[in-house]
Amino acid sequence: MTVTASPEADLDAQIGAYATRLFETGLATLEAFTISLGRELHLYDHLAAEDGLTAGELAQQAGIDARYAREWLEQQASAGYIDVTAPSEQANTRRYGLSPAAQECLLRPESLASIGPLFDLLPAINRVFPARLAHAFRTGGGIAYADYALHDAQGDFNRPAYANLLAGDWLVKIPGLVQRLGIPGARVAEIGCGEGWAAISLAQAFPEVRIDGLDNDEASIAAARKNAMQAGVGDRVKFEVADVAGELPGQIVTGSYDLVLAFEMIHDLARPVEALATMRRLGKPDAVHLVMDESVAEVFQAATENPVERLMYAASVLHCLPVGRSESPSAATGTVMRPATLSSYATEAGFSRVDTPAIEHDMFRFYHLIP
Ligand SMILES: C[S@@+](CC[C@H](N)C(=O)[O-])C[C@H]1O[C@@H](n2cnc3c(N)ncnc32)[C@H](O)[C@@H]1O
């Protein structure tokens, strides 16, 4: 005899599963804030000390209140983000530490495992949440990129990929490009360069290359200049504030670049077609024009299990779509820019074809635009 669940029991099970999912999402969100707080106060840096720390030692070294230090340590250890290295019934003598794996994920800015910057997005989103974001949703308006002040988090998030993969894994997949960048006088332009980590990595990999990075966010350009100086490539990598969908600074000579890059920025623009047309104008007739944007699916899918798609939709709702709509009129693209959308923008900007280079990455998709 087959026993089938009654419709009521079936609905109860669905409610239970849905409630569990929401609970887990809420819990993860609250814990994410505690990680963000730890990063803000540099608590993980102190915990990386060889013998670990008691709550009192952490409080003293990090300059925070001892009772708060104890609560944060207990919360982090209870959630399994940090370790108890010397157990004790006494809260004030218990020692805590950060495992080598946690250090790699939270404290190594160039590690491919560096995921800490994801938590630095929370204070940035908080600057506009909920009032300004809700207002944008009600009115169809936007929020300027600068108002989030998330340029450091953005830069840190992509820095590991540029430091480890850009030259050696990605650009080698474009025939002849690496050889070309090795020739004295080779020049690269990057639009929407943010804090400059891609340009800096390129300059380090190709000692002959000179690079111009453009971005309309003043804080990003200030940080990019500082980063380039500290990396020792400030003489070959220059950064300028410029709206790449508008007029370019006088020192930027169109038709003079061998490689023109737009990394994770086209989807943010109110005027993506104008920016792509700028890329086309910047390059020599035989230049490589390379766009990197999110590795989203080709078509919308409900209840997707793809975490990249879900991450990009969340980023779009909270940040990228409002940023794109901070100018009017706007293409209102959003983070989830499908390949067909980028191709239609490229065609409108005057490119004849969009090729897909054989570059594989979980988060990013690459487009080689052919003039
Ligand atoms: C998501 S961030 C990516 C930054 C950098 N490429 C990276 O990978 O970290 C997008 C960047 O595009 C810049 N941007 C947006 N609109 C722009 C415009 N019209 N002109 C120049 N830069 C722009 C933003 O200021 C921001 O730095």
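The values are calculated or read from the model by the stated rules, or taken from the named source; none is laboratory data. What you see is a predicted model, and the numbers here were worked out from it, not measured in a lab. All Cβ positions, glycine included, derive from the backbone under ideal geometry; neighbour counts span all protein chains shown.
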Enumerate the pairs (first residue in the stretch 271-290 and over 24 Å from Ser328 (Cα atoms) and at pLDDT 95 or above; second residue anywhere and within 11 Å of the ligand (Cβ to nearest atom) and among the small types (Gly, Ala, Ser)) with beta-carbon separation below 9 Å, excluding pairs fewer than 6 apart on the same chain, so at least 6 apart or on different chains. His289/Ala262; Leu290/Ala262
Residue list for the stretch 334-356, restricted to those being touching a strand residue (DSSP E or B) at 6+ places or on another chain (Cβ under 9 Å), within 23 Å of Asn158 (Cα to Cα) and surrounded by 17 or more Cβ atoms within 10 Å (Cβ to Cβ): Thr335, Val336, Met337, Pro339, Leu342
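Every residue, every condition in (1) of a type in the set (Lys, Arg); (2) under 18 Å from Ser99 (Cα atoms); (3) in contact (Cβ under 8 Å) with a residue 40 or more places away in the chain, yes or no:
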| residue | (1), (2), (3) |
| --- | --- |
| Leu27 | no, no, no |
| Leu30 | no, no, no |
| Leu47 | no, yes, yes |
| Glu50 | no, yes, no |
| Leu53 | no, yes, yes |
| Ile64 | no, no, no |
Is it fair to say Glu57 is of a type outside the set (A, V, I, L, M, F, W, C) and surrounded by 16 or more Cβ atoms within 10 Å (Cβ to Cβ)? yes
Going by the conditions given, is Leu11 in contact with a Phe, Trp or Tyr (Cβ under 7 Å, 6 or more places away or on another chain) and of a type outside the set (Lys, Arg)? no
Only one of Ala198, Ala203 is closer than 29 Å to Ala315 by Cβ, touching a Phe, Trp or Tyr at 6+ places or on another chain (Cβ under 7 Å) and either within 16 Å of the ligand (Cβ to nearest atom) or assigned to a loop (DSSP other than H, G, I, E, B) (or both). Can you tell me which? Ala198
Positions within the stretch 132-191 being touching a residue at least 40 places away in the same chain (Cβ under 8 Å), under 24 Å from Arg365 (Cβ atoms) and among the β-branched types (Val, Ile, Thr), in sequence order: Ile174, Val188, Ile191
Would you confirm whether any residue within the stretch 72-81 is closer than 17 Å to Arg94 by Cβ, hydroxyl-bearing (Ser, Thr, Tyr) and touching a residue at least 24 places away in the same chain (Cβ under 8 Å)? yes
In the stretch 44-85, anything assigned to a helix (DSSP H, G or I) and charged (D, E, K, R) is listed as Asp45, Glu57, Arg67, Arg70, Glu71, Glu74
Going through the stretch 263-284 one residue at a time, which ones are more than 8 Å from the ligand (Cβ to nearest atom) and either of a type in the set (A, V, I, L, M, F, W, C) or not assigned by TED's automatic domain parsing to the domain that holds Ile143 (or both)? Ile266, Val273, Leu276, Ala277, Met279, Leu282
Restricting to the stretch 109-152, and then to whatever is surrounded by fewer than 18 Cβ atoms within 10 Å (Cβ to Cβ) and of a type in the set (D, E, K, R), can you tell me which residue is farthest from Gly334 (Cα to Cα)? Glu110
Pairing a residue in the stretch 319-347 that is closer than 17 Å to Met363 by Cα with any residue that is of a type in the set (Gly, Ala, Ser) and part of a loop (DSSP other than H, G, I, E, B), where Cβ atoms lie under 6 Å and the two sit 6 or more apart in sequence or on different chains, gives Cys320/Gly334
For Phe157, only one of the following conditions fails: (1) over 29 Å from Arg271 (Cα atoms); (2) under 16 Å from the mean Cα position of the chain (by Cα); (3) aromatic (Phe, Trp, Tyr). What is its number? (1)
Which ones in the stretch 255-304 are surrounded by 21 or more Cβ atoms within 10 Å (Cβ to Cβ), assigned to a helix (DSSP H, G or I) and either among the hydrophobic types (A, V, I, L, M, F, W, C) or in contact with a strand residue (DSSP E or B) (Cβ under 7 Å, 6 or more places away or on another chain) (or both)? Ile266, His267, Ala275, Leu276, Thr278, Met279, Leu282
Regarding Glu305, is this residue more than 22 Å from Leu181 (Cα to Cα), within 16 Å of the ligand (Cβ to nearest atom) and of a type in the set (D, E, K, R)? no
